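S.K.: There's a structure below that I have some questions on.
Any read-out appearing in this document is the output of simple, stated calculations on the displayed coordinates, not a laboratory observation. Source: prediction; values computed, not measured. Every residue, glycine among them, receives a Cβ derived from its backbone with ideal geometry; neighbour counts consider all protein chains shown.
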Amino acid sequence: MIALFPALLSCSSKKTPELAPEYIFNDPNLKVISSVINRKEGTIAVIYGNTPAVNTANDATGEHVDGEEFKMVTWKLKPMPNWYGTDMNGRMLSVETVDISKKTGENIVFKYHYEPAVKQESHVKTRDSSKRVAFIVGLPAAVMP
Amino acid sequence: MRKLRYKPNKKFLFISASLIIIYVILQLTGPEVINKPHEGEINVPSNVSAILRKSCYDCHSNQSDPTWYDKMMPASYLVSHDITEARSRFNLSEWSKIPSGQQQVLLWEMVNAVEQKKMPLSRYLAVHPNAAISPSELAILKDYVNTLPGRSKVDTAKITRSPYVSDGKTLISTGTPVSITGIAYSDSYKSWTVLSVTDKFDGGSMRIVYGNEIMIKAIKNNQIPFPDGAQMVKVVWGKQREDAEGNVLPGNFQNVQFMVKDSKKYKSTEGWGFAKFDGPDLKPFGKTVAFATTCINCHKLLVAENDFVFNIPTK
């Protein structure tokens, strides 16, 4: 009976969650600009930017300036454990980076880089980089008080 | 040979008889379940109503009908306590008293409580096995909540830029908003780390959840319960209409919610302090501190094993 007791306890004890810190993206130089849900692709994303990028995204009439850096981090969308009615980010799929350079007297240059979270794995078959750049750098900042 | 004869022990008989008499008298003194009249009963499709009546009405309505064994002491005290508690959470006979938005939140919470087998209570099911909700009945409840207005809500209003933000800093002329729970608004979360990002169907919103350094470190070190000083901030927006590629962007800012871990200060709410600031003017939510009890009740019911938080990254 005494031997059985711990077994009984473990059966009734609550299931502790398996934490996934590897799903967390962290770059202390960047702040959130906005977020995108795409149920067609089954993804959810956050667009981050450095200070010049955040300032441009907050200004509807603002033009891009030299040194802006954007990162769009995309995760797989999955149902939230413990709450039917919400989907949340699961594992990370990719990080897209756009660096802007605009030297005096020269044309603005958008440098795009696509990095899948797992090498040899792309979550989209074809990626038109100019379209991606336009989308990422053109997103207005989400309103945050 | 002597015949073995059963000789009643007089002392034993006396004690037994006394106990029975006391027990019978006690039955007259137990609590009585009083059913008030219906005042705005819940109005749902008949297949949903049938499930609620079978499995929820005994406690969550003014139509409680305790069986004879529910009325026996001391069970009657437990039954009376459960009914009082259940009616305080929501009363299906007085449903119309609850604001429409809150009704939707409660309906989704009901589905989740059933899915996670937290409701009906196991002690109730043990004596009322017919009240159990089958998988097909749960599917009916799920189908129903997915027809609620919040499920497909699109924010089509022009996006209001906060009048309180300048150069990324929050400037509020009336001073810093402070929740009745003692939590002051601060925009320092903007330099924290994003913990999770969510698409919420119930209510129709999208959210970004931040964690402060203590919270992120605890997650990396697999430290649950979370230590004092851990904080989470959730920023909530409406959802704009989906574009041709399937992208959905944040609409208007709705509110920002705080959870602050302080096991001493917030002992009555499992160590977590709650605050919510509504709209661009960040009006603190809650007229009394009791609002935090409503928060923790749901967190306690569904994520007690997560130290009462939903929005953490898990496999």
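S.K.: Calculate the radius of gyration of the Cα atoms of the protein assembly as shown to one decimal place, then report Dmax, the largest Cα-Cα distance, as a whole number, both in Å.
M.R.: 27.9, 128
S.K.: Let me ask something else. Quickly estimate the mean residue ellipticity at 222 nm for chain B, helices only: each DSSP H run with n ≥ 4 gives -39500 (n - 2.57), and the total goes over all residues, rounded to 500. Kindly include the intermediate steps, with their values, before the conclusion.
M.R.: Values: 9 runs with 101 residues, N = 315.
Taking each H run of at least 4 residues, the total per residue is -10000 deg cm²/dmol.
S.K.: Another one. In whole angstrom, note down how far apart the Cα centers of region A:91-145 and region B:184-257 are.
M.R.: 22
S.K.: OK, next. Peptide A:134-143: average number of partner chain Cβ atoms within 10 Å per residue? Mind showing how you got there, number by number?
M.R.: Numbers: counts 0, 3, 0, 0, 0, 3, 4, 4, 10, 13.
Whole-number average of other-chain Cβ neighbours for A:134-143 is 4.
S.K.: Could you sort A:133-141, B:9-17 so that the peptide with the highest average Cβ count within 10 Å comes first and the rest follow in order?
M.R.: Details: A:133-141: 17.8, B:9-17: 9.7.
Top to bottom by mean Cβ count within 10 Å: A:133-141, B:9-17.
S.K.: Now, a different point. Determine the shielding of peptide A:85-95 by partner chains: average, over its residues, the number of Cβ atoms on other chains within 10 angstrom of each Cβ. Let's see the in-between values first.
M.R.: On the way: counts 17, 13, 5, 13, 8, 4, 2, 1, 0, 0, 0.
So the per-residue partner count for this stretch is 6.
S.K.: Here is a follow-up. Residue-wise, which Karplus ³J(HN,Hα) couplings in Hz belong to region B:102-118, taking 6.51 cos²θ - 1.76 cosθ + 1.60, θ = phi - 60°, and x for glycine or proline?
M.R.: 3J(HN,Hα) across region B:102-118, in whole Hz: 5, 4, 5, 4, 5, 5, 5, 5, 4, 4, 5, 5, 6, 4, 8, 6, 8.
S.K.: Shifting gears a bit: Check which residues have an amide H placed less than 5 Å from B:Gly251's amide H, if you skip close sequence neighbours.
M.R.: B:Gly238, B:Lys239, B:Gln240
S.K.: How would you rank B:277-283, B:179-185, highest first, on the average number of other Cβ atoms within 10 Å across their residues?
M.R.: On the way: B:277-283: 16.6, B:179-185: 18.1.
In decreasing order of mean packing, B:277-283, B:179-185 become B:179-185, B:277-283.
S.K.: Rg/Rh for region A:25-137: what does it come to with C-alpha atoms and Rh from Kirkwood? List each step's numbers first, then the result.
M.R.: Numbers: Rg = 15.3 Å, Rh = 15.2 Å.
With Rg and the Kirkwood Rh in hand, the quotient comes to 1.01.
S.K.: Thinking of region B:165-306 as a set of Cα atoms, what percent of all their pairs are more than 27 Å apart?
M.R.: On the way: 2359 of 10011 pairs.
Here the long-distance tail beyond 27 Å is 24 percent of all Cα pairs in region B:165-306.
S.K.: Could you list B:Leu138, B:Leu249, B:Leu195 in order of exposure, starting from the residue whose Cβ has the fewest other Cβ atoms within 10 Å? Present the calculation step by step, with values, prior to reporting the outcome.
M.R.: Values: B:Leu138 15, B:Leu249 21, B:Leu195 25.
The fewest-first ordering by Cβ neighbours comes to B:Leu138, B:Leu249, B:Leu195.
S.K.: Okay, moving on. Can you put B:Ser46, A:Ser129, B:Ser93 in order, fewest other beta carbons within 10 Å first? If you can, show how the numbers build up before the last one.
M.R.: Working: B:Ser46 6, A:Ser129 14, B:Ser93 21.
Ordered by Cβ neighbours within 10 Å, fewest first: B:Ser46, A:Ser129, B:Ser93.
S.K.: If you take the Cα Rg of region B:24-152 and divide it by 2.2 N^0.38 Å, with N the number of residues, what do you get? Write out the running numbers ahead of the final one.
M.R.: Values: Rg = 15.4 Å, N = 129, 2.2 N^0.38 = 13.9 Å.
Normalised Cα radius of gyration, region B:24-152: 1.11.
S.K.: Mind checking the angle between helix B:10-27 and chain B's longest principal axis? C-alpha axes, 0 to 90 degrees, to the nearest 10.
M.R.: The two axes meet at around 40 degrees.
S.K.: Let me ask something else about it. Report the rotationally averaged projected area of chain B based on its alpha-carbon convex hull, in square nanometres.
M.R.: Values: hull surface 106.9 nm².
Averaging across all directions leaves 26.7 nm² for the Cα convex hull.
S.K.: By count of other Cβ within 10 Å, fewest leading, how are B:Glu213, A:Glu121 ordered?
M.R.: Values: B:Glu213 12, A:Glu121 9.
Listing B:Glu213, A:Glu121 from fewest to most nearby Cβ atoms yields A:Glu121, B:Glu213.
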